[in-house]
Each structure stands twice: as structure tokens, then as C-alpha cells.
Number of protein chains: 4
Amino acid sequence: MTQPRTAGAVEEVEIQGHIIDSLLLPKVLDEILTHGGSFNLKDIKIGERQADPSYVRIEVRGPNQQVLEEILDVIHDHGAVPTLAQDCTVVPADMDGAFPDNFYSTTNYRTQIRLSGEWIEVEDQEMDCGILMDSEGAAARCVPMALVRKGDLIVVGRQGLRVFPAETMARQSLFEFMASPVSSEKPKGVTVREIAAAMRRTRANGDKILAVLGPAVVHTGIYGTSLGVSLDRGLPAEEGHEHHLRAINTIRRTGGIRAAVEKGILKSGIMYECVRQQIPYVLAGSIRDDGPLPEVITDVLSAQQRMREQIQGVGLCLMVATALHSIATGNLLPAWVKVACVDINPATVTKLADRGTSQTVGIVTDAEPFLRELVNHLGEVKDDAPSKSI
Amino acid sequence: MTQPRTAGAVEEVEIQGHIIDSLLLPKVLDEILTHGGSFNLKDIKIGERQADPSYVRIEVRGPNQQVLEEILDVIHDHGAVPTLAQDCTVVPADMDGAFPDNFYSTTNYRTQIRLSGEWIEVEDQEMDCGILMDSEGAAARCVPMALVRKGDLIVVGRQGLRVFPAETMARQSLFEFMASPVSSEKPKGVTVREIAAAMRRTRANGDKILAVLGPAVVHTGIYGTSLGVSLDRGLPAEEGHEHHLRAINTIRRTGGIRAAVEKGILKSGIMYECVRQQIPYVLAGSIRDDGPLPEVITDVLSAQQRMREQIQGVGLCLMVATALHSIATGNLLPAWVKVACVDINPATVTKLADRGTSQTVGIVTDAEPFLRELVNHLGEVKDDAPSKSI
Amino acid sequence: MTQPRTAGAVEEVEIQGHIIDSLLLPKVLDEILTHGGSFNLKDIKIGERQADPSYVRIEVRGPNQQVLEEILDVIHDHGAVPTLAQDCTVVPADMDGAFPDNFYSTTNYRTQIRLSGEWIEVEDQEMDCGILMDSEGAAARCVPMALVRKGDLIVVGRQGLRVFPAETMARQSLFEFMASPVSSEKPKGVTVREIAAAMRRTRANGDKILAVLGPAVVHTGIYGTSLGVSLDRGLPAEEGHEHHLRAINTIRRTGGIRAAVEKGILKSGIMYECVRQQIPYVLAGSIRDDGPLPEVITDVLSAQQRMREQIQGVGLCLMVATALHSIATGNLLPAWVKVACVDINPATVTKLADRGTSQTVGIVTDAEPFLRELVNHLGEVKDDAPSKSI
Amino acid sequence: MTQPRTAGAVEEVEIQGHIIDSLLLPKVLDEILTHGGSFNLKDIKIGERQADPSYVRIEVRGPNQQVLEEILDVIHDHGAVPTLAQDCTVVPADMDGAFPDNFYSTTNYRTQIRLSGEWIEVEDQEMDCGILMDSEGAAARCVPMALVRKGDLIVVGRQGLRVFPAETMARQSLFEFMASPVSSEKPKGVTVREIAAAMRRTRANGDKILAVLGPAVVHTGIYGTSLGVSLDRGLPAEEGHEHHLRAINTIRRTGGIRAAVEKGILKSGIMYECVRQQIPYVLAGSIRDDGPLPEVITDVLSAQQRMREQIQGVGLCLMVATALHSIATGNLLPAWVKVACVDINPATVTKLADRGTSQTVGIVTDAEPFLRELVNHLGEVKDDAPSKSI
């Protein structure tokens, strides 16, 4: 008989983990307000010591059901799940190459889905994908839009889904990576030493190191001449572009980089070392490419797919002097892979974080002296050289 | 019996045109010195008035034949040709997808080759290509490396070739484009007005206008909502990325942009206007792409080829807020197409000029107010809307 | 007899206000950990609704007294005060032009000191100053280092002091300023409209608007010719520099800007309008100055002092196209003055926030079209023109 | 009786020197056209070999006398002097602190004035000054506007004046400075080595080296802790600002940097080394300054004057990580002092050249690794340490 005191829609959610340290709780409250909702904190248990997880239960209100749904969508990405847990919903894809309407769009945080009352881990975590459940309903993994096939079981809505940003964002993990936070007043020499140490730890753990390298790296002279191709023409830099075109032509005539190494035409440089040391690499095409080199994958979807294969097992990613490829790789990496991004342009680091690769440690410096000093700290480049390039 | 007074190698070249105005002569002399050669000016006739062409004959010396060849290579791009004219040399390509060794690498300047004593024009002028002679030896055009087929007749060396940078670089052409030189102290309002006027002149001449647009343009709101897709969900900007993914999914489900317009799903925005006004567009894929939209050409070589087709007949190119696509397009345009490049980052303009698109007028400003003011100057966007996007 | 369970030093602090919304609590906890301390949350009361203030009591531990003191120093700036309140301590300055050792270094947040058990407000709030108590011990204000006179009573330590960052940082205040948060995806046109509205509200409140303008503003042509000096020589931009020197010389010969307006030599431009409309302005000297103009204050301390006088009563500050003067002004403004900083270089905005002017709304755009559109939104520039320049 | 064939005004000028190499001739012709004039080349003698000077005589026409005067003004700065040489004109200054109308505004190129038929050298060459003749009419030097005293004899017009840009701009001088031109594709390691070599040559010549250093340099850790003040408080970087204020207060309490070194309070760092090695330094105030340190010259005109004194005898200037002070110093240096400008922001280098310090070699890199590597190349920092800071 009595009307509800407050019009609008309401739902109760909970968050757990390092929600204070990781700034998750304030972010969630902020999102609610920004999207036009309001909240009541129903219960809050903050871990007494910093190692203890915290817990909070929030009543979220929106002026109507549509706004409430939008709020729940947003805060779900910050780990807020409805207190009333249900299984997730899947529907079969009704066509190739597209998700069903209302598909769940993934983050790069660890994610679980609830099936038959059990929470199971989502594999191949990657942002901006859908979640594909296998036909037996026992496993799930991220799948990009273009790879969906008609009939695939795709998760829709956000029921029965939970994400764990807190684990990734807890400050401890950054401390594991770098001994001290990066600051513009900290000598860069210290930062380089810490990255070298993180690289050694990554290898010691049996994880792979991924290097995403822009063309500036080949100009550093660290590994030898430009493009790694020693054509020994001694031309000054102004002729760089024609030199570059003739180098590509020579490699195309030879049948590719590997063939050029085997035939003794390519004798030094980054690509030479990759071939000799059997370090896998991916050369992804761009609309600006000349040539290109035979190993360049000119189809960008195929290149992305090859990059997905190669990031398996990566523990640390070093991005140097390339905004395009850094963002492309950042899009594929789960949030728990440590990323160090080195660029002389501060905007590259900012863009990377803005697009969701928030685990990035950004170092605004010049690629050449950075790499030179990194090589010094890593000691001699031995036969088990640590890099793989994209 | 007598030894030559000067060891080394020597050749005589000549340059004609507006070689003083266009800074060509000083550049040529500078290149000779920089590459380790020396020169004697044998004859110089400078046009008395600025309209008159000039002529200079230079004896070029190098310490040995190899250095001399390098110098001749470099200055050839500035229009310096051997005084002793001979026909050009062609050899058949010995394989698909690569030029013969010693192929002539093109510039974006107007170029002629000498066949049977006659100078004939090279068509489809584009930098970083080779020159393909037709089987009858009566015509020639630029061809990119990847499109070479075994047996194609390709020009080698620089004998019987001449380029005309002077014509392109003469200052008069800039004056035709803009009423006054761009300067950081000139109010931008004036620059916008001049670009609008240049656009009108281009259309009046029957030439096409090419717009190379980065994603920032869709965020300007000039044409409507982000991505031109009016899904009317009213989400604030933070949700931009998920919004964007859902928009792509919807268009994929519909079968593409054209289908979405026809079915009334896409009702406004840049892409809507392109479809409705039958303005051709090219959407080129990138390694960062989500989705992508069905019309995106994911193979970068195919996308370049489609871009080559679309630049035929272009008289003016307006590049806004995209370094990648601006450079990619600049690589394809002949040097006589006027280019205005608008970017908030001065480095974009610099890179474009560094990579050879030296005809670029750079305007360092914010895309949104620039476009808003340009639209004001162009008057109402009529049914014969002037743009075409890549 | 029993040893303390934990070695090290301990102190209890409390914080109140919008400590969740404003991210204050997480920041405080983070500072404790970063500086090598640890914490126990003894009591936490989070406001149930977003309007309610929250309260938290924290036991802070450090490995030794020195580290603890450092931690308490840092978190004091975030509003954390010892639970055991005592009066503040003052000592007389022992020399001119320097604070006593251990002086309290101010923030730009609202601050109170405790005198005879009462909390009194600190006036002239400004960062990086000391606090000067008047001789009767009844009032206090911020004082810069250089202005200290021997015998002045200066607050030392952090006992009996509390700051209120939460009030400034509460998100509501930003919403009062701008109708919606600035985002790179929000059309700039909307942002300009909101700033215009904030300017009108500021004037309606009887507050002053401060404009901090770099030289790029005079090149916009908004108010007329460069430097506001119409010497009508019609020189093209390349001669800008000599033009500029002659203009300064002319004004010096005339006796200054005011005299030049009165004698009809200066007839338009920003400075002309300031004189005519009796808008106070400060021209602060720089090591790069030519001339300078007679009104330029060449002593930087005097210029700072004059700026301090002029910021009294300012409610909104618009900074355009000058990093140096924006940071200089930001150093003087209390945290509750709304600041909009417009610059084509994103680094300017970042630097401003890094140096403590955290209330800044940054708009990365080109000054000229920004101002042009702002003028449109403000309507005609009337006799009661709203700006004052530094 | 006959009307002149061409209306308008005409004058004949001549230029000599390395006018082709140095691009002077094309620049002069370009200026004539840009300003609305036209030219006839009456005589041209181009040096046959690159060591030979060239000579050109040009008839310059303008549509009226005023435009012609403007053209002659502009091209005079490029070394074009009327063929009909006359003595220069001087008038006494009619007031303190300003030049007479029509004063000659200087460049930073070597300049001569003609007195009693003899060409005499102008001393203290500096851009944007006037030329002061001594009372006997036997010597002349540059004088800044603010230092003019009533009765001073100041050169007006451009009659009897000649400048020598060609000598400064000849490419040979750059080759003396750097072994090879700076290019973005040249490894930075090579550039650093060349700058070290130029520093050694400068010292060997008995010339001084001037270092213009921004605050980033003290954060590099090259010389020890921030500000060179070792207060040993071990605070992490976040407290940098308060630390900085306390350091300044301590130095003020001590009576200055020199006193702090003598009393053993300041024990390491850049300022410590300057004091200990008796290297003169200038600390110029800025409107952003806290404190400031006692040695800071807060009046910008006094600081400029002190800088003028210190640049006497400087052969090489190294500018690192400061746009403001680099431009301020560049304004004072004659064009023949070699300048290397190191900044992570490419705009700093561009601005420096735009404002007339065209002799600058710009190196876009990070200050810290640059300095670290430079120190390596220079060997141990000995007692005769080579730098002097502003």
C-alpha cells in the first residue's frame, strides 16, 4: 500500500581485497556519483594491517533501472559484484565474426565466471574480448570479436562474473617489480639498474621477457647498423631512406631475414641475433611500410594472432620507442604482466595507461642511452640473450 | 705520359630551373662537400628577373669512383643530371616482388626518362618506388617493390633520368596555395580562411580534396557522436572504450557501415555522410585495431593499393590529427599535391617533412576548433560535401 | 619491566572529512608504507551517504623516531593530526629573511593553528611559506621566507596545526566549477561554454577573475596587434622581433603604457583595454626580457609581492599559454581558488599539478581558438570587461 | 622629359662572402620577393672552388620608398649593403633608458660601422641592442636599451653599417665544432664524444666554456644530492619540495652558498664544486623562485648585466634542460660562439634557433645519461674543472 520512499532502482554489491590501498573503493564510489547514482555503505571491514584484505558492502541506487545498469556495468570492472551470486549466462553466437548483443566485454584483470555454482578461471585474459565457454561448460577463455564462430557459447551480461583488479593493483606488486617508485627526481641510473634486476628475476622464474621495439632502436647502434643490415655502403645519414629501401630489396631477393643470415648476407644487428639465438620475433605490418621485408605479417589480424601466441609465458615486457606497437601489445597483455615503457615522449606512456595498460611503469628518457646502460647492467650479451622482438 | 694533376674521379653535371629561389644550387653544393667531394662551377647563368630560369654547370670530383657515384646519386635527386645525356637503362626483373640490383629509387618529384633520345614523362609519380617501362618502351610509371613481376622492365642506374624538384619547390607554388606564409605569429584564424579558400579553388579546378583523418576528429562532435554511430546510450566518456567495442560489434552484426546506413541503424556522423554523399573512403587497418569494422582493409599492402587508386586526381590533401596515416599518405602523394597538416603535436608536421613530403604546410593547433572554424568558412555542408576520408 | 612488543616509535593520528571520496585515506596509508612505516586502523566511521563526513583513527608506527617524524610530517599535509591536541609552538625569528629551524612549511590548503585551546584560521593561505603569529597571539597568516623580520613569531613543528585538504578536494567543488569532468573525448566546445559559465558565476558572486596570459595571447589577434601596440608599420611576421624592440622603445620614450594610452599613441590591444577599463595588471620581469616596458617589475621578489596583493578576492583563475607565470601564480593561490589552465603543451598542466596546484582543470588546446570561442560565449566585451592580466 | 619605365623606388646593394654555401643569396632574394619587391641580378661572381668568396650586385625595387626601406632593412641583416658606401649616422640619445627613434637594431653577427671612411669593428656584439659610439668617434659597442644615458651617441638608420652573417654561417665552422652533422639517425654516443672533443679544443684555445643548467641537472645525481645540499635527511622524492625549502632556509641562515661551503655545511654537489674550484657562476632569479638563495640576483636587469660580464671570452656554450635560461643566454651571445643545446623537449631547441641563436646544435636527449656519458668522455673531474654555471 505504501509507496517506496525513494523512487529509482537499487542493487547491493560487494567488493573485497586490498580495496583501500589499491584505491578501488574510492574509485567505485566516485563512479557511482559520476554516473548519477548514490550509495549507502552497508558494511565495511577494513583490514587492520596492510596485509589484511578488506571488505565492503554497498547499496547502489540509480534514478531508474537503465542508469543503475550502467553503474553496475562500470563498477563491475572495479571488482564490485552483486551480493546475490548466480551462474553466468551464455548464449550461442548467431553469426561468425561478431558477439551476440549484450556480450560481456572483458578487462585485462583476472576474471572468473560462475558455472553450476562453482567459480572457474577465465583463460587467455585479454581486454576488449568476449568470454567463450567450451562446449562442455567446464572452461572459459577470452576470444576476440573477429574469431567468433556461429554457435560459440558467449557470456552475456555481468551476472555470475567477477574480476580481481585489487590483486593486480595492490602496491606490493609494484614493489616486487621496482625497488622504489619511479619519480622524475630519481636518477635514471637507478631505474635502469632496477629494470635489469627485474629482467634477471623474470628469467630466473622461468618466465619470458618480451621486447617491443620501435625503429629508433636500430638507429642506436647498439647492435650495429640500421636495420641490422650491413651492406657496407658507408652512406651518410641523409641517404638513410634510399639505403633502407635497397636493404629491403636485398633481403627480399634473398628470400627473407633467415635466408640472409644463412647465406652470410646479414652478418650483424638485432635481426641477425634473433635468428642466430633462435629468439622468436613478430614483425607486424603498418600502413606506412615500404617493401616490406618478407617476414612482415601484412594482415593486421594475422599479426595480432601471432602476437597472442608469442605472449604466452611472458613475465615482463619492455617497450621502447614505439607508441603504436606498445599500445597494440598492451591491448593483448593481462594486467599482471609487468610492463616498463621507455619513450622520450611522455604522451606515449600516458596513452598506454589511458587505454587500460595501467600496470605500466613509464620511463621518460632517450632510448639509446637507456639501452646502452641496460646492456651494461645485464653484462655481456651471452648466447642465451634475453630478448624477443615485435 | 703526364700524371693527372688531381687523383680521383670526375663528372660534369648541369641543373636548370629556379635553382636560386628554390635553394637547389646551395643544396647540391652542400651535398657534394658533405659526401667528401669538391666542385668547380664551370658556368653559371642566373635569371635576371625572378621569373627567369637559371642554369649552372658543375664539375664534380670525388676521391675515387665509388664516392663520386654516391655523390652523383644524391645530387641527382636535386635535379643535377650528367651533361652528356644518354638513354636510360632497363633490365628485366629476375623475380617477383623485388627490383633488380641497382634499381633507380624514385623521389616524389616530377621525373622523366630518356628513351630513343626522347624524354618521356614517368606516370604515377611516388617516392620509394622503381620505374617500370611498358613492353613497347613508350611509357613508364612508378611501381612499388611488392608489385614487381618477373620479366617487368625496370630502370637501373641514373643514366637517362632527370627529376624536376625546382618546379615543385619554386616559392610561387606556395603562394598559390596560401596567401601568406604560415608563421607562429600569424593569427590561426587567417590560416583557416586561406585553407578554406584553397579548398574552394581546388574544387573549382575540378580537382579532388583528400582528407586524412585521425580518430580525434570523431571526438570533436563536428558531425555527431563518436565513431559516427548513434547508439544513443548516453554513457559518459569513461565508458568510451566499451561503447566503442559495442558499436563495432553492432556494425559487424549489420554487415558493415553501408548496410548500417541503409537499415537506418547509423543515422549521423562522418561515415554516415560519406555513404549518403557517395564520397569514397578508405579505412586502413592497424595493429592496434579492435574489431575491426567490416570495411577496414586489414592487409596493409591491399590498403596501400586502394589508397593509390583513390589519390588519382587529388589537388589538395588535408591531414588532421594522425601521424601514422598522414605519413602513409604522404609517402604516396607526388610532390605537387598541396598538403596541409593539422596537428596539436609539432612533431607530426616535422616527421612528415623529414620523410620527404616537403610540400607540407604545417599548422600546429587543436583539431576540433580548427575544423569548427573551417566548416564556418566553407559555409553550410551542402549535398556536394567536399571531403573523402582515409 | 616488560619490553615493548614492537621496537620503534608509534603515534596515533586522526583524519576527518570526505576522506574516501577525496582519496585522502588511501593516500595517507600509502604514504605511511612508502616511507617505511606501518599502520593499524583503530577506528573507522565511514559516512553512510556521500554527504556525510567520515572519520578514521590510525596508529602509525615507524622503525625509529626519526622515520616516524618524517611520516607524521608527510601525512600532516593530508590532514592527519595527532589525536592528542596541544597548542602550536612559536619561536621568534633569530634573523631577517629566514625562518627558524624546524619551521612549519605550509600547504595551499585551509589551515588552522591552536592557540590557548582554540583553533584559529590562518590567513593569506599560500604554499611554501611559514606561519607568522601576530604579537598578541590572536591571529596568524602565511609569510614568505624573504619577508621574515627578526623577532617575528613563527610556528615550528606540526603540533597544534591542522589542514583541511578534504574540503578542497571533495569532488563536489569540481562539479560546481565545471558541469562535467574534462575528458579528452569531450568536445572542447562544451568545455569552453562551461568556463564561460563559471566566469559569469564568479562575477555574480562578487569575486574577481584573474587572467595569467603568455605572449602567445597577444599574437592571437583577439585584441588587435602584437603587444597591443599599433605602430601601423605593416611589417610581415619575420620582422616581428625588431618590430617588438621598436615598440618597447616607443613606449619607454613615452613614459609607459598608461602614458602611451593617454597620449593616443597606444590605441588598441590588451594593455590598452586594461588601462581604459581600469583593470589592474602586473607585468613581471624575466631573465629573457628585452627592454623592458616601463611598467615591468624587474625585481622578481617585488613582482611576487605585487601578485600577492592582486590575488586577494580572486575566485577563478584562467591561465593561458604560459608555463612560467602559471606556475608562479599557482604557487601563490590557495587551493580553493578554481584554476583553469589552457595550453597546447600537456606538460604545462602536468607541471602545475605536480607543484601542488592540484585544483587545476587542464585544457590541452590552442590558445587562439580557445579565446575566440570564449569571447563568443561571454558576449560582447563590455565596459565592465572581466579580466585582469599578469 | 621621359617618364621612368618602372614606377617605384630602387637601390643597388652588394653582398660578398660565402653567399652560396651559407644560403645567404637565396635568402636575400626570397626576402625581397616576400616583402613585395623585385630584383635584377646586375653582377654575380661565384667563387670557383668552395674556399673562394663570391660576390653579387643586386638592383632592388619596391613599389614605393617605404616598402623599399623595409626591404633594405631586412636584407641588411643578411649582409646586403648599399654599393654607395657612406659614413654611419649617429645622434645623441634624448633621454635615459631609450634609444632615439630610427635607432639601428643589432643582430648577433659580426658588425662594422663606417667612420671617416674607415670600417671599424663593433664590440660586445649582441642582438637586439643599439650601437653606442664613444665620444671620440673611434670605437663602438652594443648597448642594451635600458642602459642608454642621455647624450650617448647612438647609431641610427643603416647607412654606413655592414654585417657579416656569411662568416658565421659558413658550413666550415660547423665542421670545426662537430666532426659530422647531428642527425636523428646518428647514434647519440658519437655526438657526446664530439662535444667532449669540442670542449677540450675550446680549453686548449684558452677560451672559456659556459654551462647553462636547468634544475633537472641537479636531480641527475651526477654531482650528489638535489640542490647540491647534503642535509642528509634521507627523505624520499615526494618530500622534494619541502626538502628544497628547508635547504634554501638553511643556506639563507648560513649567509649564502660560499659561507655554507666554508662552514662545512655544504659538502658536495654542483654549487660546492663551483665554490671550491673558483668557477664563477650567475644565479638569475625567476618569478617562480622560492626563497631565494642569497646569491640569486632577483633583479632581472642586474642578472642580465652580470651574465654579459661573464660571457666575455666564452668559446663554447653548453645548454642543458632549461628553455628559459638558454634563450636568455642565447640573446646575449654573439653568433660565433658555438652552442650545443641538450633538451628532452625538441621545442626548446627550435625556440632557441627561432629567436636568432641560429648557431645552435640541438641534441634531443635526456640530460642525465647525456651528462653521465659526457663526464666519462672528459675523464675524471680534475681540479681545473671546466664548467661555469648560470
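Modelled with pLDDT under 80 and at the interface with chain A (Cβ under 8 Å from one of its Cβ atoms): does that describe C:P26? The answer is yes for C:P26. When region D:187-220 is filtered for residues that are among the polar types (S, T, N, Q) and open to solvent by less than 50 Å² (accessible area, probe 1.4 Å), the ones remaining, listed by number, are D:T191, D:T202, D:T220. Take B:V122 and tell me if it is within 30 Å of A:T254 (Cα to Cα), assigned to a helix (DSSP H, G or I) and not charged (D, E, K, R). No, not satisfied.
Against the condition assigned to a loop (DSSP other than H, G, I, E, B) and either touching a residue at least 60 places away in the same chain (Cβ under 8 Å) or within 26 Å of the chain's Cα centre (by Cα) (or both), how does B:E70 come out, does it pass? Considered against the rule, which asks whether it is assigned to a loop (DSSP other than H, G, I, E, B) and either touching a residue at least 60 places away in the same chain (Cβ under 8 Å) or within 26 Å of the chain's Cα centre (by Cα) (or both), B:E70 comes out as no.
Filtering region B:80-116 to residues that are within 11 Å of chain A (Cβ to nearest Cβ) and of a type in the set (G, A, S) leaves B:A93, B:G97, B:A98, B:S105. If you filter region C:62-97 down to residues that are β-branched (V, I, T) and surrounded by 20 or more Cβ atoms within 10 Å (Cβ to Cβ), you find that the one that is nearest to C:T111 (Cα to Cα) is C:V81.
Beta carbons closer than 6 Å, at least 6 apart along the sequence or on distinct chains, pair a first residue in region D:117-146 that is within 14 Å of another protein chain (Cβ to nearest Cβ) and touching a residue at least 24 places away in the same chain (Cβ under 8 Å) with a second that is open to solvent by 20 Å² or more (accessible area, probe 1.4 Å) and of a type in the set (D, E, K, R) for D:D128/C:D290; D:C142/D:D124. When you go through B:E70, B:E48 one by one, which is the residue that is at pLDDT below 90, more than 14 Å from chain D (Cβ to nearest Cβ) and either over 15 Å from B:L24 (Cβ atoms) or touching a His at 6+ places or on another chain (Cβ under 7 Å) (or both)? After ruling out the rest, the residue left standing is B:E70.
When every residue of region B:147-159 is checked against the conditions, none turns out to be part of a helix (DSSP H, G or I), modelled with pLDDT under 95 and surrounded by fewer than 20 Cβ atoms within 10 Å (Cβ to Cβ). When you check A:R200 against the structure, is it within 14 Å of chain D (Cβ to nearest Cβ), at pLDDT 65 or above and over 20 Å from the mean Cα position of the chain (by Cα), yes or no? It is false that A:R200 is within 14 Å of chain D (Cβ to nearest Cβ), at pLDDT 65 or above and over 20 Å from the mean Cα position of the chain (by Cα). Restricting attention to helices (runs of 4 or more DSSP H) lying wholly within region A:257-319, give those where 3 or more residues are buried (at least 18 other Cβ atoms within 10 Å of the Cβ) and more than 14 Å from every other protein chain (Cβ to nearest Cβ). Passing ranges, in order: A:270-276.
Cβ-Cβ contacts under 8 Å between residues 6 or more apart (or on different chains), taken from a first residue in region C:82-94 that is within 18 Å of C:I15 (Cβ to Cβ) and aliphatic (A, V, I, L, M) to a second residue that is open to solvent by less than 50 Å² (accessible area, probe 1.4 Å) and not in a strand (DSSP E or B), are listed as C:A85/C:G160.
When B:S230 is tested against (1) open to solvent by less than 40 Å² (accessible area, probe 1.4 Å); (2) at pLDDT below 80; (3) touching a Ser or Thr at 6+ places or on another chain (Cβ under 6 Å), only condition (1) is not met. Within region A:241-253, residues that are more than 7 Å from chain B (Cβ to nearest Cβ) and closer than 15 Å to B:D73 by Cα have Cβ atoms under 6 Å from residues that are buried (at least 22 other Cβ atoms within 10 Å of the Cβ) and among the hydrophobic types (A, V, I, L, M, F, W, C) in no pair, counting only partners at least 6 apart in sequence or on another chain. I'd like the full set of residues that are among the small types (G, A, S), in contact with a Leu (Cβ under 8 Å, 6 or more places away or on another chain) and more than 20 Å from A:V81 (Cα to Cα), limited to region A:112-156. Once the filter is applied, which keeps residues that are among the small types (G, A, S), in contact with a Leu (Cβ under 8 Å, 6 or more places away or on another chain) and more than 20 Å from A:V81 (Cα to Cα), region A:112-156 yields A:S135, A:G137, A:A138, A:A146. For region D:330-348, taking the residues that are over 12 Å from D:C317 (Cα atoms) and at pLDDT 90 or above, the one that is surrounded by the most Cβ atoms within 10 Å (Cβ to Cβ) is identified as D:D343. Pairs linking a residue in region B:186-197 that is among the polar types (S, T, N, Q) to a residue that is open to solvent by 30 Å² or more (accessible area, probe 1.4 Å), with Cβ atoms under 8 Å and 6 or more positions apart or on different chains, are B:T191/B:V182.
The values are calculated or read from the model by the stated rules, or taken from the named source; none is laboratory data. All figures in this text were calculated on a predicted structure; none of them were measured in a lab. Positions of Cβ are backbone-derived with ideal geometry, glycine not excepted, and every protein chain shown enters the neighbour counts. The protein model used for the area step is the full one, side chains on, heavy atoms only, and it has no ligands, DNA or RNA in it. Shrake-Rupley method; radii C 1.70, N 1.55, O 1.52, S 1.80 Å.
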